[in-house]
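Below: the structure, in structure tokens.
The values are calculated or read from the model by the stated rules, or taken from the named source; none is laboratory data. These figures come from a predicted structure and were not determined experimentally. As a convention, Cβ positions derive from the backbone with ideal geometry for all residues, glycine included, and neighbour counts pool all protein chains shown.
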Amino acid sequence: MLAAAQPVVPLDRQSRFWVDPVGVRTADQVEAAGETLPWAPREPGTSHNIDGKALWLQFDATNSSGHRWFVQLASSGLDRVQLFYRGANGQWVQQEAGDSQPVSHWPLPGRFPAFELSPEVGKPVRYWLRIEHVRVDFATPIALYDQSALLASREREQFLLGAYFGLAALVALVALANAVGHRDRNFAVYAVYVATLAAGQLAYLGVGAQHLWDHALQWNEMATFLLPGISGAAALWFTRTVTEPGRYSRALDLAVWSLIAALLSAVALDTFLASRTSFALVMVLMIVGMAVVALLIVLVWAKGEDPYIRLIALGFLPVLVMAVFPVARGLNLIPASGLTRYGLSIGAAIEMPILFYALSLRGSRRREAQVRAAALSHNDPLTGLAHNLSLLQRLDSAIVRARSLRHACALMAVKISNLDALTAEFGRETTDRALVVTASLLRRAITDIDLAARAGDNEFILLLEGPTTTDNVLSRAQQLVASGLRTPGALPPGTALKFHVAVAMLPDRDLDAAGSLQWLLEGVNAMPPDARKLIRPLNF
């Protein structure tokens, strides 16, 4: 009984089935045979191998609500599905869907085959479903839907799938941009992996047949089995690229390449033979590939060389877990369900941002050394601050600009007056730490238009390009001195950095950049080690 109070009615235990062993009987013949055929109740999770056969399902339904009702088979990729029932005039009403014809020609276009039931109200109608499907056992859930329930279900699925494929496209494009911009091989392979995984899901979920290759029936038949296999090979390639097994064992690296080649070969063989055995071979190799992915992650984790391997492992985990369900379905170990249909998509949606973030962190870490190496031509290698040549060039430009615009800039010389004492008490490592900490404090004391530079062993320069005032310069100097006296965490407990600071407003007299710099350095070095005043203005 179809009533508005129950908008979805599963057909498990409310229908019966019979398998036509040769697949040639017509609806007239099945109806005429009636109870002489060995009908059996369809139980939940029932699976049927119908290669070269036809599965018939029979159920009676009475529409008591007056609404439009539909029967839907919740799987894409079914070869051929037909619905038969007698209309009010006694003639057969026949509807057909499946991969045997374009989705646009289906009675109700969509990812899943769906048919409208008889519009008669209050009268029982007998329905027959005829199903042809090869290479994978038929174990699809079948249910009757009220029109509003079916539309709501389809809209919800389209929204979630749109979000997934939109995320996949965005991640693939950004990964490709990173690969090109930073010449990062990890991002390039990741872009290929995400793109192939999304392509495999387009075929597996029926989205491609619905929206992209509606009339390419032969390609649709191949893509359902071809693209997921290629995405499995791409996953292995990406895992090998990320974990680099060749660092630990050349044999292991060769084994991974061999598995990738074997999987691609099996996919090609399955495309050519299109048999149940060849597809089972692909599924077995997919399981082996999943085990190898887990092994490589565990190997790199155990070696402990990659600080981001835990994050990468966390990214792979959802796909490794959720991929079990569609693979088990491909091997006919479990019936079709929401997890077999959407499990991999859910896992991939969780995986993509995690792996992208992990690759970004790893790429930044690897590029840091390149950036530091490139900066050696104009930066101090220990502190990262500008060296003398860069300082003189900027200072010369600042003085010329200040003279032409008639405003003042400032130059500040900073000396770590207790650096020798720190070295004598704690050693050279603490000295280097003190220099790095000082550089960090100087960076915090300047704005984007200013410059911090290292001018000697324990001497630093701040160029405040201005326009500025004496009050502003003294305020910054006081803040810098105070920040040094606060014990930094990188130094031994109880220690502090004692800064001597000499400041001057520029331009002054006819001094050029080199003369101004020399004047400031002489001024700060002339301050006695036990000076009570730590800030010395030179010309104000």
Worksheet item: Within the group Ala477, Ala452, Ala434, which residue is closer than 20 Å to Thr495 by Cβ, modelled with pLDDT of 90 or more and buried (at least 19 other Cβ atoms within 10 Å of the Cβ)?
Response: Ala434
Worksheet, complete the sentence: The condition of being closer than 16 Å to Ala74 by Cα, touching a strand residue (DSSP E or B) at 6+ places or on another chain (Cβ under 9 Å), among the polar types (S, T, N, Q) and touching a residue at least 12 places away in the same chain (Cβ under 8 Å) holds, among Gln147, Gln210, only for Gln147
Worksheet item: Failed condition for Leu442, given (1) outside any loop (DSSP other than H, G, I, E, B); (2) hydrophobic (A, V, I, L, M, F, W, C); (3) surrounded by fewer than 16 Cβ atoms within 10 Å (Cβ to Cβ); (4) touching a helix residue (DSSP H, G or I) at 6+ places or on another chain (Cβ under 9 Å), with all others met?
Response: (3)
Fill in: Output for segment 326-341, where each listed residue is under 14 Å from Gly45 (Cβ atoms) and either in a helix (DSSP H, G or I) or β-branched (Val, Ile, Thr) (or both)
Ala328, Arg329, Ile334, Gly338, Leu339, Thr340
Worksheet item: When only residues in segment 67-84 that are part of a loop (DSSP other than H, G, I, E, B) and of a type in the set (D, E, K, R) count, which is farthest from Gly206 (Cα to Cα)?
Response: Arg68
Item to complete: Starting from segment 342-364, take each residue that is free of Cβ contacts under 8 Å to residues at least 40 places away in the same chain and assigned to a helix (DSSP H, G or I) and list its partners that are of a type in the set (Val, Ile, Thr) and surrounded by fewer than 22 Cβ atoms within 10 Å (Cβ to Cβ), counting only C-beta distances under 9 angstrom and pairs at least six apart or across chains.
Response: Gly343/Val321; Gly343/Val324; Gly347/Val321
Worksheet item: Just checking, which of Ala482, Ala434, Ala453, Ala502 is small (Gly, Ala, Ser), touching a residue at least 60 places away in the same chain (Cβ under 8 Å), assigned to a helix (DSSP H, G or I) and on the phi < 0 side of the Ramachandran plot?
Response: Ala434
Fill in: Condition broken by Leu176, with the remaining ones in (1) touching a residue at least 60 places away in the same chain (Cβ under 8 Å); (2) part of a helix (DSSP H, G or I); (3) in contact with a helix residue (DSSP H, G or I) (Cβ under 7 Å, 6 or more places away or on another chain) satisfied
(1)
Worksheet item: So, in segment 211-252, of the ones that are part of a helix (DSSP H, G or I) and among the hydroxyl-bearing types (Ser, Thr, Tyr), which residue ends up surrounded by the most Cβ atoms within 10 Å (Cβ to Cβ)?
Response: Thr243
Practice prompt. Could you list, in sequence order, all residues of segment 50-64 that are surrounded by 16 or more Cβ atoms within 10 Å (Cβ to Cβ) and in a loop (DSSP other than H, G, I, E, B)?
Written response: Ile50, Lys53
Worksheet entry | Members of segment 14-53 found to be under 42 Å from the mean Cα position of the chain (by Cα) and closer than 21 Å to Ile142 by Cα, listed by number | Arg42, Glu43, Pro44, Gly45, Thr46, Ser47, His48, Asn49, Ile50, Asp51
Discussion item. Checking the conditions here, which among Ala216, Ala235, Ala223 is small (Gly, Ala, Ser), closer than 19 Å to Phe316 by Cβ and assigned by TED's automatic domain parsing to the domain that holds Ala358?
Written reply: Ala235
Worksheet entry | Ala3, sole failed condition from (1) under 30 Å from Ala274 (Cα atoms); (2) at pLDDT below 95 | (1)
Worksheet item: Any idea which residue in segment 253-309 is nearest to Leu227 (Cα to Cα), counting only those that are among the charged types (D, E, K, R), touching a residue at least 24 places away in the same chain (Cβ under 8 Å) and surrounded by 15 or more Cβ atoms within 10 Å (Cβ to Cβ)?
Response: Asp270
Worksheet item: Does Gly466 satisfy the condition of being touching a residue at least 40 places away in the same chain (Cβ under 8 Å), buried (at least 19 other Cβ atoms within 10 Å of the Cβ) and farther than 25 Å from Leu392 by Cα?
Response: no
Practice prompt. Looking only at segment 146-155, decide whether some residue is assigned to a strand (DSSP E or B) and modelled with pLDDT of 95 or more.
Written response: yes
Practice prompt. Sort out which residues of segment 98-134 are under 19 Å from Val30 (Cβ atoms) and in a strand (DSSP E or B), and write them in order of number.
Written response: Phe115, Pro124, Val125, Arg126, Tyr127, Trp128, Leu129, Arg130, Ile131, Glu132
Item to complete: Look at Leu521 and say whether it is surrounded by 14 or more Cβ atoms within 10 Å (Cβ to Cβ), over 51 Å from the mean Cα position of the chain (by Cα) and either of a type outside the set (Val, Ile, Thr) or outside the structural domain of Ile416 (by TED's automatic domain parsing) (or both).
Response: yes
